[in-house]
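Taking it in order: structure first as structure tokens, then the write-up.
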Amino acid sequence: MSRNPFDVECLRIATGLIKSVDERVRHEKLGGFVMEEQIVKLPKRSEVKVEDTWRVEDIFATDELWESELIELKELIPSLSRFKGTLGSSAENLLEFFKVQESISSRVSTLYVYAHLRSDQDTANPTYQSQQSRAMSLYTDMFATISFVEPEILALDDSVINNFLNANEGLKLYELYLTNLLANRPHILDEEKEALLAEVSEVTNASSITYGMLNDADLKFPEITDEFGNRVEITHGNFISYMESTNRDVRKQAYEAVYNTYRAHKNTFASTLFANIKKDNFFAKVRNFDNARHAALFENHVPENVYDQLTSTVNENLHLMHRYLKLRKKILGVEKLHFYDIYTPLLPESKMTVTYEESVDLMRKSLGVMGEEYLDVLNEGLNERWVDIYENEGKRSGAYSSGTYSTAPYILMNWQDTVNELFTLTHEFGHSIHSYFSRKYQPYIYGDYSIFVAEVASTCNEALLNDYMLKNATSRNDKLYLINNFLEGFRGTVFRQTMFAEFEHMIHLAAQNGEALTTDKLSEMYLDLNRKYYGDEVEYDEFIAMEWARIPHFYYNYYVYQYATGYAAAQSLSAQILEHGESATTRYIDSFLKAGSSAHPLDVLKNAGVDMNSKQPIQDAMGVFEKYLTQMEELLG
């Protein structure tokens, strides 16, 4: 049973998908603006107060115990091969394998989580770098050892599986897993062809790897002059910082510097993207799917109409996006709104400063509507040191929630006394409490949750916090700041990611229909979509037409739509909680947070009160956007 030992939290970290909604970079330390009086020497890890760190010693009390576990698991993993050829012999054999594999898998994932948390708290520590690398190798070894499992089960007749389930009560726990696996049968080839596909996967993934090397390692951006008169080099890390500059000339320089660089390599980027699209289409075809999107959504048991309803409903509401951009143009006081004006703050940053202790108090109050059971878990996380709070020398930047079935759901922060950090903390606790409930109320096999719903609980928390903060804001500026923060998040998560999703499907279909995805073709399609999504309020240029080359999500095979669907589901659930109180909260906790992957993600959401087979959640989210947009217009007069 090849269940990934890393649950969805670790997957988000390992693949770089932590809050990676393209431009939503508030969780990353912004660079590019150096003011000498603000330079503060970071403490070394050893200098940080213990009470401000996560209690990772609960996983392994010492590094020596971790090393002993590694040695023991290295000896245990090969023993899994003894089950090869026996899974179809009896229900008892199949059940025994599941239990043994789960035990080993759980221990491997625990080993990895300890190593990656320790490594992230001080990335310069060679001991933990080594531990993380060795834990990942162990994970790879385990999955290589049990690669026989799924083909062996799929080779059994349905009648054999049904007889096993009827004959062995313990095996019924795995019925959903087996049903899901057997549903793949029409898309699984014979052993020889599967082996061939496995062999060519390294070749077919080369375009994505080439893109990553070119984009992340080889691409160099030129220097610009910042607002202080300094010559500074643009990087991936500081680009958005400069796009957020209040100096329009700095924004323009950064914008043109980046996209001129992509234009200089446009044919290579078109080639890598086209090859990647052809790879997706090839695997979909040979596995008997209708198209690449069908194949990608099938994995999460999501029908294609969910994707289509998202794009069509967002398209029906693009007038709201255009209205927001018109307001942006008015507030900035510019005659023409350019794409380098899209990210700069509309309003001076909120003067609200909040310490970590004050933020904890605000978070508790805003989540009070969730009830005693939820707050008990929140308090447990705070009291039992789930959170690694402050920045230190060598600590990984950003914020995330991570853990596995047998550990606490730990939270990494790099705390600054800002409102954004308050929202980040509340967001990450949404992930952690979702994970806590899933693990507590589900067996190991169903103790994680689908990536399709991974951002729902965290975004729901943010929505509840935003509602609380707005209701208690005492100044007009604070209200405007909070509303604009919401509108910008919505624009980047729903409108922008849906545009990406629409583009992704367009280029897959074009390639499937035999069209060559040249630079000119890609740029033409992308520019047309921008015209539709951004409307008449924005000036279009040759630079934005190249933006497709900068977006790594187009190599993720139909991933980005889930940002928008998850956000919409969270807005719907938070609205129900605020309106209906205890009944909605109980349904949300019992039917969603505690469900793990014990049902398909759409069914889990439907049980919680959100039917993503319907366009209504998307439309309801649009209603929330319009409500806040109207409030902002009224406050500005």
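All of the numbers you see were taken from the coordinates with simple rules; none came from a lab. Keep in mind it's a predicted model, so treat the numbers as computed, not measured. Cβ: placed from backbone, ideal geometry, glycine included. Neighbour counts: every protein chain shown.
What separates the Cα centres of the stretch 130-197 and the stretch 509-570 is a distance of 36 Å. Partners of Lys606 within straight-line reach, counting lysines whose Cα lies under 16 Å from its Cα and excluding those fewer than 8 residues away in the same chain: Lys594, Lys615.
Apply the a/c threshold of 1.5 to the C-alpha gyration tensor of the stretch 544-637 and tell me whether it is rounded, prolate or oblate. It is oblate, given that a/c is not under 1.5 and a/b is not larger than b/c.
Scalar couplings 3J(HN,Hα) for the stretch 144-154, obtained by applying the Karplus form with A = 6.51, B = -1.76, C = 1.60 to θ = phi - 60°, are 5, 5, 9, 5, 6, 5, 5, x, 5, 5, 5 Hz; x denotes Gly and Pro.
Do any of Lys44/Lys440; Lys326/Lys532; Lys329/Lys479; Lys266/Lys395; Lys279/Lys532; Lys220/Lys266 go past 25 Å between their Cα atoms, and which? Result: Lys44/Lys440; Lys266/Lys395; Lys279/Lys532 exceed 25 Å. Along the Cα-to-Cβ line of Met506, 7 Å from the Cα, sits a label point; which residues in the stretch 307-324 have backbone N less than 19 Å from it? Within reach of a label on Met506, which here means backbone N under 19 Å from a point 7 Å along Cα→Cβ, the stretch 307-324 contributes 307-322. Compared with the direct C-alpha span, the chain from Phe148 to Thr179 gains 9.4 nm at full extension, assuming 0.36 nm per residue. Placing a pseudo-label 7 Å from each Cα along the Cα-to-Cβ vector at Asp158 and Lys74 gives an inter-label distance of 4.6 nm. Each of Thr145, Thr62 has some number of other Cβ atoms within 10 Å of its Cβ, and from fewest to most they run Thr62, Thr145.
Computed packing ranks the peptides 562-573, 415-426 as 562-573, 415-426, most packed first, by mean other Cβ atoms within 10 Å.
Which angle from 0 to 90°, rounded to the nearest 10, does the C-alpha axis of helix 419-441 make with the longest principal axis of the chain? Result, in degrees: 20.
For the stretch 279-353, the relative contact order comes to 12 percent (Cα pairs under 8 Å, sequence separation of at least 6).
Here's the list of aspartates and glutamates a cross-link from Lys99 could span, going by alpha-carbon distance under 16 Å and ignoring same-chain residues fewer than 8 apart: Glu150, Glu169, Glu175. The angle separating the long axis of helix 191-204 from the principal Cα axis of greatest extent in the chain is about 30 degrees. Summarising the strand pairing of the chain, around 65 percent of its internal DSSP beta bridges are antiparallel. Here the relative contact order of the stretch 200-274, from alpha carbon pairs under 8 Å that lie six or more residues apart, stands at 33 percent. Taking amide H atoms as placed 1.01 Å from N in the peptide plane, the amide H of Leu337 lies under 5 Å from those of Glu539, each 5 or more residues away in sequence or on another chain.
Principal-axis analysis of the Cα atoms of the chain puts helix 356-366 at an angle of about 80° to the longest axis.
Full extension of the segment from Asp361 to Glu47, taken as 0.36 nm per residue of separation minus the current Cα-Cα distance, would add 110.4 nm. Counting only DSSP H runs of at least 4 residues, each contributing -39500 (n - 2.57), and dividing by the residue count of the chain, the helix-based mean residue ellipticity at 222 nm comes to -18500 deg cm²/dmol. For the stretch 467-557, a crude dipole built from +1 on the beta carbon of Lys and Arg and -1 on the beta carbon of Asp and Glu, taken about the Cα centre, is about 520 debye to the nearest 20. Normalised by the number of residues in the chain, the average gap of Cα pairs under 8 Å and 6 or more apart makes the relative contact order 20 percent.
Here the 3J(HN,Hα) profile of the stretch 295-312, calculated from phi with Karplus coefficients 6.51, -1.76 and 1.60 at θ = phi - 60°, is 5, 5, 6, 4, 4, 9, 6, 10, x, 5, 5, 4, 5, 5, 5, 4, 5, 5 Hz, Gly and Pro shown as x. The 3J(HN,Hα) values that the Karplus relation (6.51, -1.76, 1.60; θ = phi - 60°) gives for the stretch 225-236 are, in residue order, 9, 7, 5, 9, x, 7, 7, 10, 8, 6, 10, 4 Hz. Gly and Pro appear as x.
Taking label points 7 Å from Cα along the Cα-to-Cβ direction, Asp603 and Ser406 give a separation of 2.9 nm.
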